[in-house]
Each structure stands twice: as C-alpha cells, then as structure tokens.
Amino acid sequence: MISDFTGSDSQKFHVYLNNGKYAFVTPNNLALFVVNDSAENGAFIKSDPGQHATNFFDITPVSSGPWAGKACNIKTVSGKSLDIFEGKVGNNIAVVQWQTHGGNNQCWVVTPA
C-alpha cells in the first residue's frame, strides 16, 4: 500500500542484486513479491518473510516523458511494471503489477534513506 512516508522500517528497503535481478527487503527481513506468484494484471504486491519465485525484479531507467532520467520502472518476473492501482493519489492505495504503459503511476524514484 502507498502511504505518506513516516520513516518506519516497513517503508525502507535494502536493495540486493542477485543474478541481474533485484530484491527489495525491509530491515526486518520482509521481501516484496507478487501475491500467489501471479502473472496476471492487477496482482497485488506485498511483503513477507517467505521465499517466492517473484521476489526478484528488473529495474530500468525511464527514457521518455517527464520522468526520463529521474525515475525507473520496476518490473516483475512476468515483465509487468509495479503500478499504483488506477493511478490514484493518496494513502492506502494498492501497489499491483500491470502491463507496462508508461504512465506516471509506473514511475518509481529510488533514493538512499
């Protein structure tokens, strides 16, 4: 879920590179994954301590539009992008995977904490 940054451990990630893919792991060892290892549009992105086939992601720079050179797309093993559901703004909005379309709701800025 998207929410205002509070600085809690659940909002910070160590980013680990493994075989050309990245894992996002919180300080309390919860890793992002696609629920049920789904390849479907709309599958939720969550975190837990388990090992999943979908724990690893591709990170590619955004190359066009207002986020070019400033943000990246984070893609799941099925090739879909992490997406803020329906492009909504506000707290408690789900993060899902969706076919890459280049919208602002698929652009992510990764910064050191």
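The values are calculated or read from the model by the stated rules, or taken from the named source; none is laboratory data. Everything numeric in this text was worked out from a predicted model, so none of it was measured. Here the Cβ is made from the backbone with ideal geometry for all residues, glycine too, and neighbour counts use every protein chain on show. Keep in mind that these areas ignore ligands, DNA and RNA; they rest on the heavy atoms of the full protein, side chains included. Shrake-Rupley method; radii C 1.70, N 1.55, O 1.52, S 1.80 Å.
Observations, loosely collected:
Here is a yes/no grid of residues against (1) within 21 Å of PHE13 (Cβ to Cβ); (2) touching a residue at least 12 places away in the same chain (Cβ under 8 Å); (3) touching a strand residue (DSSP E or B) at 6+ places or on another chain (Cβ under 7 Å):
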| position | (1), (2), (3) |
| --- | --- |
| ALA39 | no, yes, no |
| GLY42 | no, yes, yes |
| ILE45 | yes, yes, yes |
| ALA53 | yes, yes, no |
| PHE56 | yes, yes, yes |
| PRO112 | yes, no, no |
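- Given (1) open to solvent by 20 Å² or more (accessible area, probe 1.4 Å); (2) under 14 Å from the mean Cα position of the chain (by Cα); (3) of a type in the set (A, V, I, L, M, F, W, C); (4) over 18 Å from MET1 (Cβ atoms), index of the condition PHE44 fails: (4)
- Subset of region 64-100 that is under 13 Å from ASN41 (Cα atoms) and of a type in the set (D, E, K, R) - its residue that is least open to solvent (accessible area, probe 1.4 Å): ASP83
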